[in-house]
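Right, one structure below, let's go through it.
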Amino acid sequence: MKDRGYYENFGGAYLPEILIATFDELVETFQAAKDDPDFWREYVDIMSTYSCRPTPLTFAENLTRNFGGARIYIKREDLNHTGAHKANNVMGQGLLVKRMGKTRVIAETGAGQHGVATATMAARFGFKCTIYMGEVDVQRQRPNVFWMERLGAEVVTVREGTRILKDAINESFRDWVTNMDTT
């Protein structure tokens, strides 16, 4: 990826112009963090003490026998604190949010797993949290909505458009543009 977020000669990146300065701040924070041993120590500590990492590899004896050849193992990401691999990403994002001095996080989610992980991260770091979710997805994923709210997140039901993930993404961008200083 080149300096301004473009891939090679013809690739590109979409970002509303109003968010470019905020995105540049994020890139600068990430560039500084990725080379900082203290950042990585804190990340590894959070992942091991809060997200239950590393998760085990489980030998899949029946699959190995049925398919023959290679020994098949299953990485048990379902054993993470939030029940999926999503925590691996959002905990690092939380550390970046903290370094940037922001006080609020937003996210969009379809099935709800990313929302649960984001709400968990926000609770861990003490951030305010807003999760956008299409009305169709809210109805299908009530257990995840329950956990997001239990963790302190405000879950905003998006009733515009087709009321699914793409509409939740649009709403989250509207929020970010409006609240760049804190989010």
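Here are a few things to note about the model shown:
- Test for Asp78: is it loosely packed, with under 12 Cβ neighbours inside 10 Å and among the charged types (D, E, K, R): yes
- Complete set of residues in region 54-88 that are free of Cβ contacts under 8 Å to residues at least 12 places away in the same chain and assigned to a strand (DSSP E or B): none
- On the stretch given as region 145-156, residues that are surrounded by fewer than 16 Cβ atoms within 10 Å (Cβ to Cβ) and not in a helix (DSSP H, G or I) total 2.
- Comparison of Thr157, Thr118 shows that the only residue that is within 24 Å of Tyr14 (Cα to Cα), of a type in the set (Ser, Thr, Tyr), free of Cβ contacts under 8 Å to residues at least 40 places away in the same chain and in contact with a strand residue (DSSP E or B) (Cβ under 8 Å, 6 or more places away or on another chain) is Thr118.
Residue by residue, here is whether (1) touching a residue at least 60 places away in the same chain (Cβ under 8 Å); (2) of a type outside the set (Gly, Ala, Ser); (3) touching a Pro at 6+ places or on another chain (Cβ under 9 Å) holds:
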{"residue": "Val90", "(1), (2), (3)": "no, yes, no"}
{"residue": "Val136", "(1), (2), (3)": "no, yes, no"}
{"residue": "Leu165", "(1), (2), (3)": "no, yes, no"}
{"residue": "Glu171", "(1), (2), (3)": "yes, yes, no"}
{"residue": "Arg174", "(1), (2), (3)": "no, yes, no"}
{"residue": "Val177", "(1), (2), (3)": "yes, yes, yes"}
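- Within region 124-144, the residues that satisfy the criterion of being closer than 18 Å to Ala87 by Cβ and assigned to a helix (DSSP H, G or I) are Arg124, Phe125, Pro143, Asn144.
- Hey, Glu135 of a type in the set (D, E, K, R) and buried (at least 24 other Cβ atoms within 10 Å of the Cβ) or not: no
- One residue stands out in region 69-119 among those that are in contact with a helix residue (DSSP H, G or I) (Cβ under 7 Å, 6 or more places away or on another chain) and hydroxyl-bearing (Ser, Thr, Tyr): the one that is farthest from Ser48 (Cα to Cα), namely Thr109.
- Enumeration of residues in region 60-90 that are small (Gly, Ala, Ser) and modelled with pLDDT under 95: Gly68, Gly69, Ala70, Gly83, Ala84, Ala87
- Restricting Ala33, Ala107 to those that are touching a residue at least 60 places away in the same chain (Cβ under 8 Å) and part of a strand (DSSP E or B) reduces the list to Ala107.
- Verdict on Asp24 being farther than 30 Å from Asp78 by Cα and either hydrophobic (A, V, I, L, M, F, W, C) or part of a helix (DSSP H, G or I) (or both): yes
The values are calculated or read from the model by the stated rules, or taken from the named source; none is laboratory data. From a predicted model like this one, the values you see are computed outputs, not experimental measurements. Counting neighbours? That spans all protein chains shown, and the Cβs are built from the backbone with ideal geometry, glycine included.
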